[in-house]
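Rule-based calculations on the coordinates, nothing more; no lab input. Keep in mind that this is a model prediction, so the values were computed, not measured. Here the Cβ is made from the backbone with ideal geometry for all residues, glycine too, and neighbour counts use every protein chain on show.
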């Protein structure tokens, strides 16, 4: 069972709620994924104050946990204030902390990320930091109070899949007891299976599901891939070998010459 | 009094953040507010006095990844 900040979860999929063709498809995709945690954001409300209410009512009707994000923040101050506002509205101390450092790659500004994580952890937040696969940054995030790490495996929305398996293995190996969630860059269920086979604890998806031809079917496919990858990791996989090894016994074979 | 609300200029009579939300018809239940870069929690809005040139942010839940 996955445990994130003392909360036990049976699903290893976290799902974003953006970019779906319709609210109905979003709702069906959430259900098909089996997720127990959906991510949400805070954005400026136009006069009238009702557009956010409609979306939020839908999400609340699901009964899932909600993980607010600080998407779009580029400074420590922006991220900390957004997190505080999210806690006020969503009544949760969970925060998916994003501090973006580059417009093109949406790569985290890891220096600002660590500082924001320190401030928020000290303020009682349970921080889920969106980070790179850098080992030392991961250590710093743990030092300032994070108990979960959410490294990218490729840029957000790119669908490139895991680009640096060595770095991901290194994170898993160095932090065997820390929940590790791949947060960004997954494009296909096979990508999800790959990172789960490496021993990652969960994945966070959005674009790969929302922009699929059939988001609901894709949500279901990812859920199966995550389960398969996790089961494979637990089962202990065959190590690759450079030479062939016959699977059928050699002893007892017929000799015709 | 001239304010900047969500980046847009507004000329309002409201003297408090609570009154501002009513005047601009932000009547949603799920709003987060900040004044000049500082969080103002829901119960604090009535006592939160506004001044000329203040910057107000009013946020609401939205889709996110």
Checklist outcome for this item: At 37 °C and 0.692 mPa s, the Stokes-Einstein diffusion coefficient in µm²/s for segment A:23-83, with hydrodynamic radius from the Kirkwood sum on alpha carbon pairs, is 250
Checklist entry - With a ≥ b ≥ c the root eigenvalues of the C-alpha gyration tensor of the protein assembly as shown, is it rounded (a/c under 1.5), prolate (a/b larger than b/c) or oblate? => result prolate
Checklist entry - Taking square-rooted eigenvalues a ≥ b ≥ c of the alpha carbon gyration tensor, is segment A:142-210 rounded, prolate or oblate, where a/c under 1.5 means rounded and, failing that, a/b exceeding b/c means prolate? => result prolate
Item to check | Antiparallel %, DSSP beta bridges [both residues in chain A], to 5 | outcome: 15
Checklist outcome for this item: Restricting to Cα pairs under 8 Å and 6 or more apart, the percent relative contact order of segment A:88-234 works out to 17
Next on the checklist: Please report, in whole Å³, the volume per residue of the convex hull around the C-alpha atoms of chain B.
Outcome noted: 92
Item to check | Antiparallel DSSP beta bridges within segment A:1-86, as percent of all bridges there, nearest 5 | outcome: 30
Item to check | Segment residue A:111-residue A:169, extension gain: residue separation times 0.36 nm, minus the distance between their alpha carbons | outcome: 18.6 nm
Next on the checklist: Which one, A:27, A:196, A:150, has the greatest fluctuation when you compute a Gaussian network model over chain A with C-alpha springs under 10 angstrom?
Outcome noted: A:27
Checklist entry - Once the Cα atoms of helix A:165-174 and of chain A are each reduced to a long axis, what angle between those two axes, in degrees from 0 to 90 to the nearest 10, is obtained? => result 80
Checklist entry - Under a GNM of chain A (C-alpha, springs under 10 Å), which listed residue has the highest mean-square fluctuation: A:235, A:223, A:208? => result A:235
Checklist outcome for this item: segment B:1-53 and segment A:32-95 have their Cα centres apart by a whole-number Å value of 20
Checklist entry - Relative to the first principal axis of the alpha-carbon coordinates of chain A, what is the inclination of helix A:215-235, with its axis defined by its Cα atoms, in degrees from 0 to 90 and to the nearest 10? => result 50
Checklist entry - Assuming R0 = 25 Å, what is the FRET efficiency of residue A:8 and residue A:60, from their Cβ-Cβ distance, to the nearest 0.05? => result 0.75
Checklist outcome for this item: Rg/Rh over Cα atoms for segment A:111-257, Kirkwood Rh, comes to 1.14
Checklist outcome for this item: Taking Cα atoms, the helix A:51-62 axis meets the longest principal axis of chain A at an angle in degrees (rounded to 10) of 40
Checklist entry - Does segment A:1-156 come out rounded, prolate or oblate by the C-alpha gyration tensor, with a ≥ b ≥ c the root eigenvalues, rounded set by a/c under 1.5 and, if not, prolate when a/b is larger than b/c and oblate if not? => result prolate
Checklist outcome for this item: From the Cα centre of segment A:183-257 to that of segment A:133-177, the distance in Å is 20
